[in-house]
Amino acid sequence: MTAVAERSLRDILDAVARGAFPPADGRTTVVPQPSPRNAGVLAFTAHSVVFTDEDPAWVYDTLHGVDCDALAAPMNPSFLAALMERTGRKAETIDAVLVGAPLPGEPPLALREIEDAGHPRIGYARGRRDEVRAWAAEGGVLVMGRGVAGRLEVSVEVDEAVRHRGLGRLLVTAARQLVTEPLWAQVAPGNARSMRAFLEAGYRPVGSEALLHAR
């Protein structure tokens, strides 16, 4: 069930973006946190990655004590609760993780970069990401910034009055045309509307993620 960390979390994420996943061997790899901001768990097919500065021996001992299928243990609520108590951190939800490659061409809708640092969406993003940039479209906002292990992450917000018109899909498509590297998204599985938008825009689901934020 255990695995020795030979690569950093960023190395693992870069490989996943290229389609090279950790081996589906039922094991769990523990790697150091890439920054003080985030600890957490990434689950891929039959392989999980726990990123934390806690003692790996404690992680493996705690996983062995979880009363469930070993493959599910890293995302089991009892393990996540123990990790939060151990680290003094909090979590919000378990997200699906998707990634999209850069796209050529111009964005399919008009975008205006938002320079107002006080914009609420920018303020929220800066609590979780670095190098945050945001663009406004008629009825929506597109935000990008560097999150976990420095990966480039995207989120969007669509006004209620213009939903069900494909704007979310256009925004996340436009995001792929604004970048020159893989673009990551974290989507709550229950948010079917958002999930459909990302899938229709060509993002690939690659795993799931539970982030533990500093209190």
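The values are calculated or read from the model by the stated rules, or taken from the named source; none is laboratory data. These figures come from a predicted structure and were not determined experimentally. Cβ atoms come from the backbone with ideal geometry, glycine included; neighbour counts cover every protein chain shown. What goes into the accessible areas is simple: the full protein's heavy atoms, side chains included, and nothing from ligands, DNA or RNA. Shrake-Rupley method; radii C 1.70, N 1.55, O 1.52, S 1.80 Å.
This table checks each residue for (1) over 30 Å from Gln177 (Cα atoms); (2) not basic (Lys, Arg).
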residue	(1), (2)
Gly40	no, yes
Tyr60	yes, yes
Arg89	yes, no
Glu115	no, yes
Gly123	no, yes
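Please work out which residue is farthest from the chain's Cα centre (by Cα), limiting yourself to region 91-113 and to residues that are in a strand (DSSP E or B), at pLDDT 95 or above and closer than 22 Å to Arg176 by Cβ.
Of everything passing the filter in region 91-113, Gly100 is farthest from the chain's Cα centre (by Cα).
Mind checking which residues of region 125-140 are closer than 16 Å to Ala185 by Cα, of a type outside the set (Asp, Glu) and in a strand (DSSP E or B)?
The answer is Val132, Arg133, Ala134.
Determine which single condition Glu181 fails, assuming it passes every other condition in (1) acidic (Asp, Glu); (2) closer than 16 Å to Glu131 by Cα; (3) surrounded by 14 or more Cβ atoms within 10 Å (Cβ to Cβ).
Failing condition for Glu181: (3).
If you scan region 189-211, which residues turn out to be among the hydrophobic types (A, V, I, L, M, F, W, C) and open to solvent by less than 40 Å² (accessible area, probe 1.4 Å)?
Met195, Ala197, Phe198, Ala201, Val206, Ala210, Leu211
So for region 37-50 (the condition being closer than 17 Å to Val148 by Cβ and without any contact (Cβ under 8 Å) to a residue 40 or more places away in the chain), does at least one residue qualify?
Yes: region 37-50 contains one or more residues that are closer than 17 Å to Val148 by Cβ and without any contact (Cβ under 8 Å) to a residue 40 or more places away in the chain.
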